[in-house]
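Visitor: Okay, here's the structure, questions in a sec.
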Amino acid sequence: MLHFLPNKRMQSTVLLIDDNAVQAATRQTILKRAGYFVIPALNPQRALEQFRANEFPAVIDLVITDHIMPGMTGAEFVRELRTFAPTLPVLVISGMEEAEDEYVDLNVNFRLKPLLPDNLLASVHSLITGD
């Protein structure tokens, strides 16, 4: 039987999807230093396959995705994700303000680049805790 200390925060798992390895690594470092377990993914199609096959090493608490990626945009990824995970929190980060229109009715939090570390962490915390 597992016992959890009441004051010990459970580690939340973030799936980070970005085809730009440098940006992904930077965000991963910021999130890991803040105590999150981060699963990086460079390919949104592969991430969807892993979701469907339940191949992630932990339950995903939040998805962070870029908008422009080869093969599939962030909006296409979220539309597909919503078919089997309608309430999973999603943070979309894009350098294109007009891209926000593609996420109407997809229940996402949209943020523009550049997203400073404090703003990234505040958005992540809010989405995971529901605050």
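The values are calculated or read from the model by the stated rules, or taken from the named source; none is laboratory data. Computed from a predicted structure; not experimentally measured. No Cβ is skipped: glycine too gets one built from the backbone with ideal geometry, and neighbour counts run over all protein chains shown. To get the accessible areas, we keep the full protein, side chains included, count just its heavy atoms, and leave off ligands, DNA and RNA. Shrake-Rupley method; radii C 1.70, N 1.55, O 1.52, S 1.80 Å.
Visitor: Out of the trypsin sites (Lys or Arg not before Pro) in the stretch 6-110, which ones are loop residues according to DSSP with at most 14 other C-beta atoms within 10 Å? Spell out each step's value before the answer.
Guide: Numbers: sites: LYS8, ARG9, ARG27, LYS32, ARG33, ARG46, ARG52, ARG79, ARG82; in loops: LYS8, ARG9.
Here the trypsin sites (Lys or Arg not before Pro) that fit, given the DSSP loop and packing criteria, are LYS8, ARG9.
Visitor: A follow-up question, please. Can you compute the label reach from PHE37? Point 7 Å from Cα along the Cβ direction, backbone N cut-off under 19 Å, restricted to the stretch 74-106.
Guide: 88-90, by backbone N distance to the label point.
Visitor: When the Cα atoms of the chain are enclosed in a convex hull and the volume is divided per residue, what value in Å³ results? Each step should come with its number before you reach the end.
Guide: Working: hull volume 15.7 nm³, N = 131.
Spelled out: Cα convex hull of the chain, divided by residues, is 120 Å³.
Visitor: Can you give the calculated 222 nm mean residue ellipticity of the chain, where each DSSP H run of n ≥ 4 adds -39,500 (n - 2.57) and the sum is split over every residue, rounded to the nearest 500 deg cm²/dmol?
Guide: Working: 4 runs with 44 residues, N = 131.
When only DSSP H runs of four or more count, the value is -10000 deg cm²/dmol.
Visitor: If packing is taken as the mean number of other Cβ atoms within 10 Å per residue, what is the order of 111-117, 122-128, highest first? Write out the running numbers ahead of the final one.
Guide: Details: 111-117: 13.6, 122-128: 17.0.
Final packing ranking: 122-128, 111-117.
Visitor: So if we plug the beta-carbon distance of VAL104 and ASN20 into 1/(1 + (r/R0)^6) with R0 = 25 Å, what FRET efficiency do we get, rounded to 0.05? Show your work: numbers first, answer last.
Guide: Details: r = 25 Å, r/R0 = 1.00.
The formula returns an efficiency of 0.50 here.
Visitor: Using a 1.4 angstrom probe on heavy atoms only, work out the carbon and sulfur share of the accessible area of the stretch 34-91 in %. Each step should come with its number before you reach the end.
Guide: Values: 1480 of 2660 Å².
That share works out to 56 percent.
Visitor: Loop sites only, by DSSP: take the chymotrypsin sites (Phe, Trp or Tyr not before Pro) in the chain that have at most 10 other C-beta atoms within 10 Å and name the longest stretch containing none of them. Each step should come with its number before you reach the end.
Guide: On the way: sites that count: PHE4, PHE84.
Between the exposed loop sites, the longest stretch runs 5-83.
Visitor: Follow-up. Determine the principal axes of the Cα atoms in the stretch 74-131, then give the extent along each, sorted from largest to smallest and rounded to whole angstroms.
Guide: 31, 27, 14
Visitor: How far, in nm, would the chain grow between LYS113 and ILE128 when pulled straight, counting 0.36 nm per residue and subtracting the alpha carbon separation? Provide the component values of the computation, followed by the final result.
Guide: Details: separation 15, 0.36 × 15 = 5.40 nm, distance 2.05 nm.
Gain on stretching LYS113 to ILE128: 3.3 nm.
Visitor: With a 1.4 Å probe and every protein chain left in place, work out the accessible area per residue of the stretch 1-127 in Å², rounded to a whole number. Mind dumping the intermediate values first?
Guide: Details: 7340 Å² over 127 residues.
Counting only protein heavy atoms, the per-residue value for the stretch 1-127 is 58 Å².
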